[in-house]
1. Taking the Cα centre as origin and putting +1 on Lys and Arg beta-carbons and -1 on Asp and Glu beta-carbons, what dipole magnitude results for the chain, to the nearest 20 debye?
2. Using Cα-Cα distances under 8 Å and only pairs 6 or more residues apart, what relative contact order does the chain have, in percent?
3. Which whole-number percent gives the relative contact order of segment 70-126, counting Cα pairs below 8 Å spaced six or more residues apart?
4. Test of understanding: in a Gaussian network model of the chain with alpha carbons linked when under 10 Å, which of 27, 93, 85 would top the mean-square fluctuation ranking?
5. Sum up the charges of everything whose Cβ sits under 11 Å from the Cβ of residue 73, counting Lys and Arg as +1 and Asp and Glu as -1, but leave residue 73 out.
6. Skipping prolines and chain starts, which residues have an amide H placed within reach, meaning under 5 Å, of the one on residue 59, given they are 5 or more residues away or on another chain?
7. With a Förster radius of 22 Å, plug the Cβ-Cβ distance of residue 8 and residue 118 into 1/(1 + (r/R0)^6) and report the FRET value to the nearest 0.05.
8. Considering the values (i) 13.6, 39; (ii) 13.5, 42; (iii) 16.9, 51, which represents Rg and Dmax of the Cα atoms in Å as calculated for the structure under consideration?
Amino acid sequence: PRTASTPRPAFRPEPVRTAYDAVTAASRYLGWLGFPDVVATATPGKRPATGIDLRGPGLIATVDPATRPAALRDIECLWLHGLNSSSRTVFFSLTGYADDTRARAEELRIPLFVLDTEGAVRPANGPADELVSTGA
């Protein structure tokens, strides 16, 4: 984007076949946005008890691989984890978001992204649009 501090090449998606592929795609996307050293917090096939799938310097993210829209509780838990660790928060979903979830994420300024099975990522709210346009 022209407003990013340094221009970056287009994101190159890779197919998402498993929940761990979704975590990997989200990690790569965050790296593309300018967040270095983002790592998965769990091993393949195991979801962390905290619900935090990715961590990086000053950043935490959740990747929801469920076949139902992400729930309000998931967004609020991520927000609380972010407050506790003084970290920026980002949420990725394979299915999308319920209306109340999207509205609450707007209030809390949490960027929401949707992943598709090809690994493409699209912003799902205003804070996500801002993050894409400015980068980290």
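What follows draws every value from the coordinates through simple rules; no lab data is involved. Please read these numbers as outputs of a predicted model, since none were measured by experiment. Cβ coordinates were reconstructed from backbone atoms using ideal geometry, including for glycine residues, and neighbour counts include every protein chain displayed.
1. On the way: 15 positive and 15 negative charges, 57 e Å.
Its charge dipole is roughly 280 debye.
2. Details: 245 pairs, mean separation 34.2, N = 136.
About 25 percent, as a whole number.
3. Values: 75 pairs, mean separation 18.7, N = 57.
Here the relative contact order equals 33 percent.
4. Residue with maximal mean-square fluctuation among 27, 93, 85: 85.
5. Values: positive: 104; negative: 74, 76, 100.
Spelling it out: positives minus negatives among the neighbours equals -2.
6. Answer set, sorted by chain and number: 88.
7. Working: r = 20 Å, r/R0 = 0.90.
The pair residue 8/residue 118 has a calculated efficiency of 0.65.
8. (i)
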